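In what follows, a single structure is set out as structure tokens and then discussed.
The values are calculated or read from the model by the stated rules, or taken from the named source; none is laboratory data. Fair warning: this is a prediction, and the values are worked out from it, not measured in the lab. Methodologically, a virtual Cβ is constructed for each residue, glycine included, from the backbone with ideal geometry; neighbour enumeration extends over all protein chains shown. Please note that ligands, DNA and RNA were not included when accessible areas were found on the heavy atoms of the full protein model with its side chains. Shrake-Rupley method; radii C 1.70, N 1.55, O 1.52, S 1.80 Å.
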Amino acid sequence: MRVRELHRWDLTPREAMRVQERLRARLVTRPLRGAVRCVAGGDIACCNRTGRLFAAVVVLRLPELETLEEVRVARGVAYPYIPGLLSFREAPALLEAFARLRCAPDAVLVDGQGQAHPRGVGIAAHLGLLLDTPTVGCAKSRLCGEHDEPGPEAGDSAPLFLGGHCVGAVLRTRRGVRPLYVSPGHLCDIASSVRLVLDCGGGYRSPEPVRRAHALVTRMRIEAGARDHSPPVARRS
DNA sequence: GCGACAG
DNA sequence: ATCTTGTCGC
């Protein structure tokens with residue numbers, strides 16, 4: 001699928017934050033239109049020892065949850081992990097994977113926040129703008145915002161508030177597990193986001209597209225690590 | 001200054 | 001995220 005170029009990636013943290021503030025104004029929050037038949041999931045894994053980063057995108061067909069396509073990308077780590085700037089570390093590799101995708105998904109689920117972000121532009125929102133496609137953030141833990149504990153049953157949720165507004169939902173995707181932090185990225189709203197995540201549920205904590213992408217990158221990291229015989233990469237003390 | 005802090 | 005062993009529970 002086509003990937004837009006809205007800015008550079010070799011930015012200082014300060015510059016990156018400024019880009020996020022500029023991108024925020026371009027986000028569109030509205031109900032998802034039409035039935036989602038084709039949904040993609042993206043995830044990243046990295047190896048501190050080799051300094052490699054692995055990205056994968058898996059496309060599924062709904063409601064069967066059948067895998068239609070997989071794309072894998074490996075490259076060197078080019079940006080550190082800084083809370084609030086995750087997309088500057090992970091998005092470039094994911095975008096390369098999306099660019100190689102043959103089919104254009106109706107929506108994309110990303111492992112990370114959507115608009116539940118200090119500047120409203122979590123990695124899912126950022127990718128949505130660059131892909132010009134509806135995106136939903138599905139994070140496994142909280143970055144910011146306040147909320148009550150959601151009910152214990154699958155499908156139970158509690159609103160996630162930030163700056164006096166509801167920006168997402170804390171969703172229990174199955175009983176007995178910690179909830180997911182779901183928030184719309186681009187071209188989507190909270191209700192549509194929650195609905196899509198539940199529609200992509202295959203009985204596990206994470207929605208199937210993200211879970212399968214995660215399984216792929218984990219396998220890539222292990223296999224690449226086993227092949228690598230070079231000494232550990234230099235790291236900061 | 002102190003605590004929080006997606007992956 | 002990654003580093004790691006065993007272990008509690010269905």
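Give me, ordered by chain and number, the residues 5 or more places off A:Leu68 or on other chains with an amide H under 5 Å from its own placed amide H.
Those lying under 5 Å, H to H, from A:Leu68 are A:Val59, A:Leu60, A:Arg61.
Could you tell me the relative contact order of region A:95-215? Use alpha-carbon pairs under 8 Å, at least six residues apart, and round to a whole percent.
It rounds to 23 percent for region A:95-215.
Compute the length gained on full extension between A:Asp148 and A:Arg14: take 0.36 nm times their separation in residues and subtract their Cα-Cα distance, giving the result in nm to one decimal.
Extra length from A:Asp148 to A:Arg14 when fully extended: 45.0 nm.
Given only helices, namely DSSP H runs of n ≥ 4 each adding -39500 (n - 2.57), what is the per-residue ellipticity at 222 nm of chain A, to the nearest 500 deg cm²/dmol?
-8500 deg cm²/dmol
For chain A, report the accessible area per residue in Å² (1.4 Å probe, heavy atoms, rounded to an integer).
49
Could you grab the relative contact order for chain A? Cα pairs under 8 Å, six or more apart, rounded to a whole percent.
23
Longest segment of chain A with no GluC sites (Glu not before Pro) in a DSSP loop having at most 13 other Cβ atoms within 10 Å?
A:65-152
Add +1 for every Lys or Arg and -1 for every Asp or Glu among the other residues with Cβ under 14 Å from the Cβ of A:Gly84, and state the total.
Charge balance in the 14 Å sphere: +3.
Specify which residue in the list A:Val210, A:Val58, A:Asn48 is farthest towards the positive end of the charge dipole of chain A, using unit charges on the beta carbon of Lys, Arg (+1) and Asp, Glu (-1), about the Cα centre.
A:Asn48
What are the residues whose amide H is under 5 Å from the amide H of A:Ala116, where those residues sit 5 or more places off or on another chain and H is modelled from the backbone?
A:Gly122
Which value, in Å² rounded to 10, gives the accessible area of A:Met1 with a 1.4 Å probe and all protein chains present?
Answer for A:Met1: close to 40 Å² accessible.
Note the full-extension length gain between A:Arg37 and A:Glu69 as 0.36 nm times their separation in residues minus their Cα-Cα distance, in nm to one decimal.
Using 0.36 nm per residue and subtracting the Cα-Cα distance, I get 10.2 nm.
How fast does region A:8-86 diffuse by Stokes-Einstein, in µm²/s, taking the Kirkwood radius from C-alpha pairs at 10 °C and 1.306 mPa s?
101
List the residues whose amide H sits under 5 Å from the amide H of A:Ala154, counting only those 5 or more places along or on another chain, with H placed 1.01 Å from N in the peptide plane.
Amide H to amide H, under 5 Å and 5 or more residues apart or across chains, A:Ala154 pairs with A:Arg175.
Count the net charge of all other residues whose Cβ sits under 12 Å from the Cβ of A:Gly225, scoring Lys and Arg as +1 and Asp and Glu as -1.
+3
Hey, what's the per residue convex hull volume over the C-alpha atoms of region A:116-210, in cubic angstrom?
Per-residue hull volume (Cα only) is 83 Å³.
Using a 1.4 Å probe on the protein chains only, how many percent of the accessible area of chain A belongs to carbon and sulfur?
49
Kirkwood-based Rg over Rh for chain A (C-alpha set), two decimals?
Expressed as Rg/Rh, it is 0.96.
Counting alpha carbon pairs within less than 8 Å and at least 6 residues apart, what relative contact order, in whole percent, applies to region A:42-87?
31
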